[in-house]
């Protein structure tokens, strides 16, 4: 890719853009649906104060509420995706702001539903279901409602909380604009002597450069830019944390962590167990840092040395067209039909492929019940991009199967489960590449790639999770979180996790300032638990074949029809025990031993 110039949106070939017009062909269609929302809100609110009157009122209210949500989903998705195409586009910034505000208005207007339904008892609901059998669809919905009854407030209090939603989103929105539209990282000289602009999309490639000077310069350019904004970003993060604490207390939870996990009916012991298991195995990460130093032949490892491949002569270029062929082979264990669905999706505009000026960085998958899945990429022809595409396709297929197999009420699978399907895809792809590699050095390259994925997903995300736990607890105890205190906490955690075999460059203390997930409280631990569960599922699929695949596809199609931990058991995995996390850590150790042998004796060709 030419690093000197990033194309404008209209310079990208349409075949590499997502088919967002499948939601609304033109903005005018979006405006028409936007104008329908007040009437849909009125249709729901006509039942306010009447949900105890009979089964027909309850059923009609829930049906109109779902219709409202489905239209709002499409409006929100379209505006957000259009904004993500180019964050500097004022028109779509405005559309997204409008739909955000309308969602808050709708949430406030319909906030009476749960409080009113919570006044019913289980016998009352059973009698309604006998009266109107269509209500049986909502049995799990009512079960969950009664479980959370103590955290549902009065109708007036719920309305007030719903009205604050717009305020609670402001810190995330401020950070998003700073992080995607306003911040600039300056220029560096690449390994070819070319002056290039550092962007978030390019940063990964620069950090994989075989030239250590390039990595150091890019690292400094990126973090110095965040360091200059650390007071502003510190204030936005502190505001987000205070919002988490406020909502937890308002709903009578003992902590923000308990409130976040209770949405999935998960005990905080699962979170603490993850951190505890990883702490016990931190010596493995310290050993890996020693292997990295040895293979790089340097006196000390710096933070900017963590991402360059240890075998740079085997850097893989994977053009987007080739990626599809490799994925077809890698995902073959999941069956022919699984790939046929992906193939149809790729042909119908699921993916927005390449970076353009102003485009949101990174990658994501998104889907609404009445729309196809969509994937945002910033594809740069690296092996990592191939794995990212596999990852996002896992998300999309989870959404595809859930939407196809579940009614709208249970189509949304829990975020706790969201990273499992994506990681299963990555692990199967890695397994295929390893099995079809004849060169020992290439195998070692792929093993190292997997270990880097593991380090980033299990060790690093658990460190993030521990950081979130610490800063929320400090806020709950009344301690102010200054940029200096955030830096201190974050640096100490890096010291604990990476150990004595790495130089903690001072800029790494600012890394917390660039992590978007910290604005979605207690999300990141799900990457680590999901990776562990996915490892166990992958092993079952490889060893058992069709029976394990059938169970896995049942899991994908279950959506939100049961509690997350129960849904996961459909795939044969029990995360209430530490076994899946320990299994993943043990697998990391086996690969580490191979890396240690290689670093000591080398590979003989």
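The residue list 174, 129 contains one member that is closer than 30 Å to residue 56 by Cα and either in contact with a helix residue (DSSP H, G or I) (Cβ under 6 Å, 6 or more places away or on another chain) or at pLDDT below 95 (or both), which is 129. Examine segment 218-226 for a residue that is surrounded by fewer than 18 Cβ atoms within 10 Å (Cβ to Cβ) and not in a helix (DSSP H, G or I), and state whether such a residue exists. Scanning segment 218-226, I find no residue that is surrounded by fewer than 18 Cβ atoms within 10 Å (Cβ to Cβ) and not in a helix (DSSP H, G or I), so the answer is no. Looking across 89, 5, one residue alone is surrounded by 14 or more Cβ atoms within 10 Å (Cβ to Cβ) and at pLDDT below 95. It is 89. Screening residue 566 with (1) free of Cβ contacts under 8 Å to residues at least 24 places away in the same chain; (2) closer than 23 Å to residue 469 by Cβ; (3) part of a helix (DSSP H, G or I) gives one miss only, at (2). Set side by side, the residues 513, 584 differ, and just one is more than 20 Å from residue 331 (Cα to Cα), at pLDDT 95 or above and part of a helix (DSSP H, G or I), which is 513. Scanning segment 309-326 for residues that are out of contact with any helix residue (DSSP H, G or I) (no Cβ under 6 Å at 6 or more places or on another chain) and under 23 Å from residue 19 (Cα atoms) yields 319, 320, 321, 322, 324, 325.
Scanning segment 168-201 for residues that are under 30 Å from residue 239 (Cβ atoms), touching a strand residue (DSSP E or B) at 6+ places or on another chain (Cβ under 9 Å) and surrounded by fewer than 19 Cβ atoms within 10 Å (Cβ to Cβ) turns up 184, 186.
Here's the yes/no breakdown for (1) farther than 30 Å from residue 115 by Cβ; (2) not in a helix (DSSP H, G or I):
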residue: 157; (1), (2): no, no
residue: 175; (1), (2): yes, no
residue: 184; (1), (2): yes, yes
residue: 192; (1), (2): yes, yes
residue: 201; (1), (2): yes, no
residue: 205; (1), (2): yes, no
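No other residue among 514, 501 is crowded, with 16+ Cβ neighbours inside 10 Å and in contact with a strand residue (DSSP E or B) (Cβ under 7 Å, 6 or more places away or on another chain) apart from 501. The residues in segment 262-273 that are in contact with a helix residue (DSSP H, G or I) (Cβ under 6 Å, 6 or more places away or on another chain) and either farther than 25 Å from residue 412 by Cα or assigned to a helix (DSSP H, G or I) (or both) can be counted, and the count is 2. Looking across segment 462-485, the residues that are surrounded by 21 or more Cβ atoms within 10 Å (Cβ to Cβ) and under 23 Å from the mean Cα position of the chain (by Cα) come down to 462, 463, 464, 465, 466, 467, 468, 471, 472. Starting from residues that are in contact with a strand residue (DSSP E or B) (Cβ under 7 Å, 6 or more places away or on another chain) and under 21 Å from residue 322 (Cα atoms), keep the ones in segment 341-364 and report whichever is surrounded by the fewest Cβ atoms within 10 Å (Cβ to Cβ). Going through the qualifying residues, I end up with 364.
Just one of the numbered conditions (1) modelled with pLDDT of 95 or more; (2) under 22 Å from the mean Cα position of the chain (by Cα); (3) in a helix (DSSP H, G or I); (4) more than 30 Å from residue 293 (Cα to Cα) is not true of residue 559: (3). Here residue 367 meets each of (1) at pLDDT below 95; (2) touching a helix residue (DSSP H, G or I) at 6+ places or on another chain (Cβ under 8 Å); (3) more than 30 Å from residue 212 (Cα to Cα); (4) surrounded by fewer than 19 Cβ atoms within 10 Å (Cβ to Cβ) with one exception, condition (4).
Checking 538, 543, 590 one by one, the residue that is in a helix (DSSP H, G or I) and touching a helix residue (DSSP H, G or I) at 6+ places or on another chain (Cβ under 7 Å) is 538 and no other.
The values are calculated or read from the model by the stated rules, or taken from the named source; none is laboratory data. The structure presented is a predicted model; accordingly, all values stated were derived computationally and were not measured. All Cβ positions, even for glycine, are placed from backbone atoms using ideal geometry, and neighbour counts span all protein chains on display.
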